[in-house]
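This report refers to the structure that appears directly beneath it.
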Amino acid sequence: MNTNDTTIPFQVDLSNCNKEPIHIPGSIQPHGVLLALQEVELTILQVSNNTFDFFGIYPEQLLDQHLSCLLEIEQINLLQDCLAHEDLPVINPIEFCIKIADNTLYFDGIVHRSDGCLILELEPSSSEKNNTFFRFYHQVKLAMSKIQGAANVIGLSQTLAQEVRKITGFDRVMIYRFDENWHGQVIAEEKPEYLTSYLGLHYPASDIPQQARQLYSQNWLRLIPNAHYQPVAMIPLCNPLNNQPLDLSRAVLRSVSPLHIEYMQNMGVTASMSISIMKNQKLWGLIACHHQVPKYIPYEIRTACEFLGQMTSVEMSNKEDSEYTESKIHLKSVQSKLIEYMSGETNFIDGLINYEPNLLNLVNAQGAVVCFNSNYYPVGQTPTTADIQNLVEWISQNLQDEIFYTESLAQVYPAAEKMRDVASGLIALSISKSQKNYVLWFRPEVVRTVDWGGNPNKPVEVTANGGVRLSPRKSFELWKETVLLKSLPWKSFEVNAALELRNAIIGVVLRKADELAQLNIELERSNQELDAFAYIASHDLKEPLRGIHNYSNFLIEDYGTIIDEPGKEKLVTLIRLTQRMEDLIDSLLHFSRLGRVDLFMQQTDLNEIVHRILDMLSGRIEETGVEIRIPRPLPTVYCDRIQIGEVFSNLIANAIKYNDKPQKWIEIGYLEHPSPTTTFYVRDNGIGIREKHFEAIFRIFKRLHGPSKYGGGTGAGLTIAKKIVERHGGKIWLESIYGEGSTFYFTLE
Amino acid sequence: MIGNIAQPLLIIEDSDEDYEALRRIMHKEVVLNPIFRCHDGDDALDFLYHKGIYNNNQAVPRPAIILLDLNLPGTDGREILAQLKQDKDLKYIPVIVLTTSCNPKDIEICYRYCVASYIVKPIDINRLVKTIHSFLTYWLDIVILPDAVSK
């Protein structure tokens with residue numbers, strides 16, 4: 001028999017505890033006796049080295065013997081009856097009484113099969129247990145009804161902790177939940193006042209290594225009545241049939257990993273019990289019970305707790321699923337609200353960020369930004385605009401899919417490290433790649449997000465004797481290190497909600513584009529109608545007007561000798577009025593056509609333009625004797641030469657017209673300040689304009705003087721000038737002192 | 001003969017032709033009231049506040065009634081109306097709007113400013129004569145106007 005190879009004690013520390021073979025410790029806890037039996041003969045193959053303490057028989061005396069050396073024949077028959085049962089654990093515990101000398105000792109016999117062996121564990125029990133079933137039945141029933149009444153997972157956990165503490169009497173009972181990465185968090189706790197609270201604390205996945213979790217999944221319950229125990233070795237260490245160490249995965253007496261013992265000691269815990277909470281065959285969490293002094297829990301109570309754990313597992317799953325469903329329903333309602341808001345707003349982005357709920361609620365993010373046509377519309381906590389700009393650039397270059405999400409942006413985009421506070425987690429939803437239009441959602445680093453339940457700043461005292469020491473506080477630090485630069489993970493339904501929003505946005509954007517196109521069509525039509533109107537005005541209105549004009553002239557020609565002077569004057573007035581009417585119609589036509597004619601932009605020497613205009617106006621200039629001043633040559637600018645000519649023509653003609661001074665002058669020039677655009681001006685020493693009319697004079701047909709004063713005018717000139725300047729991207733304004741003169745300024749972009 | 005020699009009538013009208021038509025009809029009716037004409041809004045305000053060329057109080061009496069055109073060069077009729085009705089000394093003077101505009105917005109604004117009447121100028125000369133005749137009979141003969149001179 002070569003046992004040495006497999007029993008070399010495995011040296012464990014934090015670096016390799018995930019490899020420790022904790023299912024084959026080769027020893028047990030001393031509060032019971034463990035026997036490995038060969039079926040069907042029930043020959044004792046291995047036995048724990050503590051039989052003498054219980055039965056006064058040395059292990060060697062039992063080895064290779066039939067079980068009858070320990071149990072009476074009727075009890076062996078009872079056991080064999082039980083063994084025939086299909087589902088072995090259901091029969092546990094089998095009550096045995098063993099006569100030792102004059103005493104009869106009572107034991108709870110717990111059997112299971114492992115590696116072809118029958119494992120029988122014997123735990124001493126009290127003799128009176130007849131009514132225990134009913135006692136615990138009621139307690140469990142009561143507990144179950146309370147648990148079923150809980151509103152949500154947290155409420156349920158709280159009730160569960162309370163009830164387990166009531167049934168077991170442990171100092172502290174906690175409900176511990178694993179996340180996707182097996183990091184754990186205490187989500188409920190029952191404890192006396194004097195103990196430090198662990199509620200809300202986080203623990204790294206390494207605290208409960210993979211193989212330990214494996215055992216938790218296999219066994220609903222694990223009890224360590226006294227962590228200060230002396231392990232009891234198995235004799236022999238290996239199973240003589242296969243020369244392997246005995247697999248104690250499912251043995252209730254299985255010895256505890258030294259690391260776990262140390263962990264318990266660090267926490268000041270002597271006795272512990274844990275009950276698994278499973279969801280879909282996967283470990284969901286634990287009911288963790290701690291006691292400061294040794295504490296043994298009899299099998300019945302353990303069974304009650306186990307039952308509670310199993311029932312809770314079902315409830316917990318239901319509750320969690322319904323919470324999940326509720327959040328999904330909630331997201332649906334957020335989604336439909338967002339669509340409603342988007343449709344109601346002229347700019348769909350306002351609908352996404354200006355209301356409650358908004359973009360943030362859709363995926364439970366702390367920050368979001370809509371990047372649309374190079375503008376950024378943020379909501380909540382977002383990185384700076386510059387950081388967003390860079391991020392968008394990176395996204396557009398590196399990501400092809402409609403949606404990208406990560407809980408650790410810094411891993412793929414190192415620049416995100418400095419934005420960990422707001423953007424450790426990212427969902428990037430692409431609306432249109434070519435336009436770099438995105439919706440981005442951000443989540444901060446999870447360390448900044450966790451709920452600090454209890455008081456994590458009050459660490460449990462740790463006796464320092466070298467090596468790494470674990471305490472809840474320390475574990476929190478460890479956990480923190482493992483989740484740095486990470487946000488809470490995005491849930492699949494949140495990602496889906498984001499993706500669905502994309503369709504909604506595209507729908508709304510397309511519809512808005514459609515509406516715009518429709519508007520354009522209507523605008524086009526109304527422009528055409530306006531055009532038609534202008535032509536009707538110019539032709540049809542002018543026809544009767546010409547008649548009046550001509551007939552008035554005929555009257556003067558034919559009857560000039562008969563009609564007296566006042567009569568002639570009236571006819572002259574009539575002719576003047578027809579001319580004015582024609583001017584008005586022409587101006588209206590001209591103005592209405594102005595915006596529709598394409599600009600013919602070219603480099604234009606303004607000196608040429610101005611001189612052409614002055615030539616055209618030379619008659620009036622000579623007549624009025626106005627002095628034209630051009631202090632320095634005008635620049636060459638990029639503009640439509642015809643239209644800019646019209647601007648100068650209108651301004652200069654006005655300047656000539658509205659002047660009552662004996663020495664009239666007009667100055668045409670430009671300012672280079674304020675840069676960058678050149679400001680042109682036409683200045684006069686004319687009659688000036690009251691400040692209250694500064695804006696009105698640009699309105700069409702708005703005149704400041706009666707038709708008989710200053711040579712009349714239609715009141716369209718300045719309106720036309722303004723329109724031309726605006727079409728060139730510039731603006732026009734004036735300064736004036738009433739009675740002293742005016743200056744009209746304009747810029748061209 | 002119609003009207004009262006002590007109650008001046010102010011006509012604010014920019015169109016010489018329209019004013020001429022008005023003046024002709026009033027001449028036929030032999031209106032006794034002194035008639036003053038302002039050509040535009042600024043002119044009218046100067047008249048009412050005795051400013052500019054009207055700063056001689058004796059020659060420029062306060063009108064007992066105002067006939068107002070709406071579309072005027074410079075300060076237009078609506079602005080004059082707004083100004084008049086804000087002024088506690090001037091707001092009691094009845095203002096009759098006489099305009100070519102039949103825009104409902106103008107009509108509403110004018111009545112909001114409590115004009116005494118809003119009359120649209122008819123194009124047809126016969127109807128214009130009738131309208132002006134009715135106006136003169138009603139406002140200068142039947143209605144008792146506030147005593148302007150004593151103010």
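The values are calculated or read from the model by the stated rules, or taken from the named source; none is laboratory data. It should be emphasised that the depicted structure is a prediction, and the values quoted were computed from it without experimental measurement. Heads up, the Cβs are rebuilt from the backbone with ideal geometry, glycines too, and the neighbour counts pull from every protein chain shown. Note: areas computed on protein heavy atoms with side chains; ligands, DNA, RNA excluded. Shrake-Rupley method; radii C 1.70, N 1.55, O 1.52, S 1.80 Å.
This table checks each residue for (1) farther than 22 Å from A:Ile630 by Cα; (2) modelled with pLDDT of 90 or more.
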position	(1), (2)
A:Val647	no, yes
A:Glu672	no, no
A:Gly686	no, yes
A:Lys692	yes, no
A:Lys702	yes, no
A:Lys709	yes, no
A:Lys722	yes, yes
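Is at least one residue of the range A:67-88 touching a Lys or Arg at 6+ places or on another chain (Cβ under 6 Å) and either part of a helix (DSSP H, G or I) or open to solvent by less than 80 Å² (accessible area, probe 1.4 Å) (or both)? Looking through the range A:67-88, none of the residues is touching a Lys or Arg at 6+ places or on another chain (Cβ under 6 Å) and either part of a helix (DSSP H, G or I) or open to solvent by less than 80 Å² (accessible area, probe 1.4 Å) (or both). Can you say whether B:Leu72 is of a type in the set (A, V, I, L, M), under 25 Å from A:Thr714 (Cα atoms) and more than 14 Å from every other protein chain (Cβ to nearest Cβ), as far as the supplied structure shows? No, not satisfied.
Taking A:Leu362 as the residue in question, decide whether it is surrounded by 21 or more Cβ atoms within 10 Å (Cβ to Cβ) and either closer than 21 Å to A:Arg213 by Cβ or touching a strand residue (DSSP E or B) at 6+ places or on another chain (Cβ under 6 Å) (or both).
no
Taken across the range A:257-272, residues that are under 35 Å from the mean Cα position of the chain (by Cα) and farther than 30 Å from A:Leu237 by Cβ do not occur at all. Among the residues of the range A:703-715, are any open to solvent by 20 Å² or more (accessible area, probe 1.4 Å) and under 53 Å from the mean Cα position of the chain (by Cα)? For the range A:703-715, residues open to solvent by 20 Å² or more (accessible area, probe 1.4 Å) and under 53 Å from the mean Cα position of the chain (by Cα): absent.
In this structure, B:Lys85 does not qualify as more than 14 Å from chain A (Cβ to nearest Cβ), without any contact (Cβ under 8 Å) to a residue 60 or more places away in the chain, assigned to a loop (DSSP other than H, G, I, E, B) and not acidic (Asp, Glu). Residue selection: A:Ala655 fails the criterion of being out of contact with any helix residue (DSSP H, G or I) (no Cβ under 9 Å at 6 or more places or on another chain), within 14 Å of chain B (Cβ to nearest Cβ) and open to solvent by less than 40 Å² (accessible area, probe 1.4 Å). Residue check, A:Gln643 against (1) under 15 Å from A:Phe744 (Cα atoms); (2) open to solvent by less than 50 Å² (accessible area, probe 1.4 Å); (3) part of a helix (DSSP H, G or I), all met but one. Which one? Only one criterion is unmet by A:Gln643, namely (1).
Within the range A:675-728, track down each residue that is basic (Lys, Arg), in a helix (DSSP H, G or I) and touching a residue at least 12 places away in the same chain (Cβ under 8 Å).
Filtering the range A:675-728 down to residues basic (Lys, Arg) leaves A:683, A:690, A:692, A:699, A:702-703, A:709, A:722-723, A:727.
Adding the requirement that they be in a helix (DSSP H, G or I) leaves A:692, A:709, A:722-723, A:727.
Scanning the range A:675-728 gives A:Lys722, A:Lys723, A:Arg727.
Restricting attention to the range A:35-51, does a residue exist that is among the hydrophobic types (A, V, I, L, M, F, W, C) and either in contact with a Phe, Trp or Tyr (Cβ under 8 Å, 6 or more places away or on another chain) or part of a helix (DSSP H, G or I) (or both)? No - not one qualifying residue is present in the range A:35-51.
Would you call A:Thr743 among the polar types (S, T, N, Q), over 53 Å from the mean Cα position of the chain (by Cα) and in a loop (DSSP other than H, G, I, E, B)? No, not satisfied. Tell me yes or no: at least one residue of the range B:96-106 is within 14 Å of another protein chain (Cβ to nearest Cβ), more than 13 Å from the chain's Cα centre (by Cα) and not in a loop (DSSP other than H, G, I, E, B). Looking through the range B:96-106, none of the residues is within 14 Å of another protein chain (Cβ to nearest Cβ), more than 13 Å from the chain's Cα centre (by Cα) and not in a loop (DSSP other than H, G, I, E, B).
A:Pro294 meets the conditions (1) in contact with a strand residue (DSSP E or B) (Cβ under 8 Å, 6 or more places away or on another chain); (2) loosely packed, with under 15 Cβ neighbours inside 10 Å; (3) assigned to a helix (DSSP H, G or I) in every case but one. The failed one is (3).
Of everything in the range A:591-621 that's part of a helix (DSSP H, G or I) and open to solvent by 70 Å² or more (accessible area, probe 1.4 Å), which residue is farthest from the other protein chains (Cβ to nearest Cβ)?
The extreme case among them is A:Glu608.
Select the strands (runs of 3 or more DSSP E) contained entirely in the range A:170-285, then report the ones holding at least 1 residues which are crowded, with 18+ Cβ neighbours inside 10 Å and in contact with a helix residue (DSSP H, G or I) (Cβ under 8 Å, 6 or more places away or on another chain). Once the strands (runs of 3 or more DSSP E) in the range A:170-285 are filtered for at least 1 residues that are crowded, with 18+ Cβ neighbours inside 10 Å and in contact with a helix residue (DSSP H, G or I) (Cβ under 8 Å, 6 or more places away or on another chain), what remains is A:172-178, A:184-190, A:221-224, A:271-279. Among the residues of the range B:109-151 satisfying the criterion of being open to solvent by 30 Å² or more (accessible area, probe 1.4 Å) and small (Gly, Ala, Ser), which is farthest from B:Ala21 (Cα to Cα)? Selected residue: B:Ser150.
Being farther than 21 Å from A:Ile427 by Cα, of a type in the set (Asp, Glu) and in contact (Cβ under 8 Å) with a residue 12 or more places away in the chain holds for only one residue in A:Asp540, A:Asp514, A:Asp531, and it is A:Asp531.
Is it the case that A:Ile737 is more than 60 Å from the chain's Cα centre (by Cα), open to solvent by 60 Å² or more (accessible area, probe 1.4 Å) and at pLDDT 90 or above?
Against the criterion (more than 60 Å from the chain's Cα centre (by Cα), open to solvent by 60 Å² or more (accessible area, probe 1.4 Å) and at pLDDT 90 or above), A:Ile737 qualifies.
Evaluate the range A:575-586: report whether one residue or more is over 25 Å from A:Leu718 (Cβ atoms) and in a helix (DSSP H, G or I). Scanning the range A:575-586 turns up at least one residue that is over 25 Å from A:Leu718 (Cβ atoms) and in a helix (DSSP H, G or I).
Condition check for B:Phe135 on (1) part of a helix (DSSP H, G or I); (2) more than 20 Å from B:Ile65 (Cβ to Cβ): one failure, at (2).
If I filter the range B:35-49 down to residues being part of a helix (DSSP H, G or I) and within 14 Å of chain A (Cβ to nearest Cβ), which single residue comes out as surrounded by the most Cβ atoms within 10 Å (Cβ to Cβ)? Give the steps one after another, and end with the answer.
Pass one, the range B:35-49, residues part of a helix (DSSP H, G or I): B:41-48.
Adding the requirement that they be within 14 Å of chain A (Cβ to nearest Cβ) leaves B:41-46.
Numbers: B:Gly41: 26, B:Asp42: 23, B:Asp43: 22, B:Ala44: 29, B:Leu45: 20, B:Asp46: 17.
Among those that are part of a helix (DSSP H, G or I) and within 14 Å of chain A (Cβ to nearest Cβ), it is B:Ala44.
Select from the range B:9-34 the residues that are more than 14 Å from chain A (Cβ to nearest Cβ) and over 22 Å from B:Arg78 (Cα atoms) and list them in ascending order. Hits for the range B:9-34 are B:Ile25, B:Met26, B:Lys28, B:Glu29, B:Val30, B:Val31, B:Leu32, B:Asn33, B:Pro34.
Just checking, which of B:Gly52, B:Gly74 is open to solvent by less than 10 Å² (accessible area, probe 1.4 Å) and at pLDDT below 90? Break it down into steps so the answer makes sense when it comes.
Working: B:Gly52 fails: open to solvent by less than 10 Å² (accessible area, probe 1.4 Å).
From the options B:Gly52, B:Gly74, the qualifying one is B:Gly74.
For B:Ile80, state whether it is at pLDDT 90 or above, touching a helix residue (DSSP H, G or I) at 6+ places or on another chain (Cβ under 9 Å), in a helix (DSSP H, G or I) and crowded, with 17+ Cβ neighbours inside 10 Å. Against the criterion (at pLDDT 90 or above, touching a helix residue (DSSP H, G or I) at 6+ places or on another chain (Cβ under 9 Å), in a helix (DSSP H, G or I) and crowded, with 17+ Cβ neighbours inside 10 Å), B:Ile80 qualifies.
Would you pick out the residues in the range A:84-112 that are of a type in the set (A, V, I, L, M, F, W, C) and modelled with pLDDT under 80? Scanning the range A:84-112 gives A:Ala84, A:Leu88, A:Val90, A:Ile91, A:Ile100, A:Ala101.
So for the range A:683-693 (the condition being under 22 Å from A:Leu594 (Cβ atoms), away from chain B (no Cβ under 14 Å), of a type in the set (S, T, N, Q) and open to solvent by less than 60 Å² (accessible area, probe 1.4 Å)), does at least one residue qualify? Before you say what the answer is, go through the steps one by one.
Of the range A:683-693, the ones under 22 Å from A:Leu594 (Cβ atoms) are none.
Taking every residue of the range A:683-693 in turn, none turns out to be under 22 Å from A:Leu594 (Cβ atoms), away from chain B (no Cβ under 14 Å), of a type in the set (S, T, N, Q) and open to solvent by less than 60 Å² (accessible area, probe 1.4 Å).
Which members of the range B:97-108 meet the condition of being buried (at least 16 other Cβ atoms within 10 Å of the Cβ) and over 19 Å from B:Asp16 (Cα atoms)? Passing the criteria: B:Asp106, B:Ile107.
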